Amino acid sequence: MATQFSYHHLAVAYDALFPLDPQALAFVEGAMGGLSGRKVVDAGCGTGPLARALADRGASVFGFDIDPDLLARAQERAGGGLTVATGDLRTWSPPRDFGKPDVVVCFGNSIPHLTKAQDLDAFFSRCRRALSPAGNLLLQLLDYDYLRAISNMTLPTIEVGGWRFQRYYEIGFDGLWTFHTELSGNGGQSSNAFELCPWSKDELERALCRNGFVVTGCFGGFDLRPPGASLPLVLGASLGLE
Ligand SMILES: C[S@@+](CC[C@H](N)C(=O)[O-])C[C@H]1O[C@@H](n2cnc3c(N)ncnc32)[C@H](O)[C@@H]1O
């Protein structure tokens, strides 16, 4: 997997580029029927704004991420119901005293960092083992079926707080896409490139099913619009054991 520390050069700007999305928060709250007293895992939590907001609404939250630069920022948000730690999507488990989570969220295109089917299976299987019997897994990533359909490999440029963030994909021969990013502004300039797997909706749904999940919802965004005509893909899945 080519993902470790891919975000080093973005850490300084990450919160400005990707602030808390209130719709993401409302989506989790809606899916859970309220957050107070619930146990939530934010898998690939990045700098932790969503994890913090979930904890502020009464949930016990465990956030983990593999990138030390992003995680250092999440650590600054910890306390008051939020614990964060280094963790890998493929091998994670909740802290011993956390109990069984009611929901695992994995948002913001973390899933494509799992570039092999066995890595995707490892993550889903870890989620199945960790979750409570009625537990849910909520995923948000880019809709790569849509990107293929519109033949657009360039994502919208983000300009905020003096930063300019540009990104585009390059299709590889091995089925992976190289993600090129360039950050400039505020007196600096940096770039990097790493491979991501452009998982299709069908591939994700099949992987969820073979790891014991039932897909309960599929949307084109946190606003619950139908999938297939917008950049985001949002999937909900449940263990359905209660
Ligand atoms: C695009 S960022 C999204 C961060 C955050 N969830 C958000 O919505 O802003 C992808 C995140 O996945 C993390 N990541 C990538 N591979 C990982 C792995 N194997 N285990 C844990 N985190 C990983 C990265 O470090 C990064 O924080």
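Give me the residue from region 64-96 that is basic (Lys, Arg) and part of a loop (DSSP other than H, G, I, E, B) and, out of that set, farthest from the ligand (Cβ to nearest atom). Here the residue is 96. Only one of the numbered conditions (1) outside any helix (DSSP H, G or I); (2) crowded, with 22+ Cβ neighbours inside 10 Å; (3) within 14 Å of the ligand (Cβ to nearest atom) is violated by residue 101, and that is (3). The test for being within 19 Å of the chain's Cα centre (by Cα) and loosely packed, with under 15 Cβ neighbours inside 10 Å holds for residue 156. Tell me whether region 127-134 contains one or more residues that are in contact (Cβ under 8 Å) with a residue 40 or more places away in the chain, under 20 Å from residue 112 (Cβ atoms) and within 15 Å of the ligand (Cβ to nearest atom). Yes; the residues of region 127-134 include at least one that is in contact (Cβ under 8 Å) with a residue 40 or more places away in the chain, under 20 Å from residue 112 (Cβ atoms) and within 15 Å of the ligand (Cβ to nearest atom). With respect to residue 47, is the statement that it is without any contact (Cβ under 8 Å) to a residue 60 or more places away in the chain, in contact with a strand residue (DSSP E or B) (Cβ under 9 Å, 6 or more places away or on another chain), under 27 Å from residue 193 (Cβ atoms) and not acidic (Asp, Glu) true? The answer is yes for residue 47. Is it the case that some residue within region 15-33 is near the ligand (Cβ under 8 Å from one of its atoms), in contact (Cβ under 8 Å) with a residue 40 or more places away in the chain and among the aliphatic types (A, V, I, L, M)? Yes, because at least one residue in region 15-33 is near the ligand (Cβ under 8 Å from one of its atoms), in contact (Cβ under 8 Å) with a residue 40 or more places away in the chain and among the aliphatic types (A, V, I, L, M).
Since every read-out is calculated from the coordinates, none of them should be taken as a lab result. Everything numeric in this text was worked out from a predicted model, so none of it was measured. Cβ: placed from backbone, ideal geometry, glycine included. Neighbour counts: every protein chain shown.
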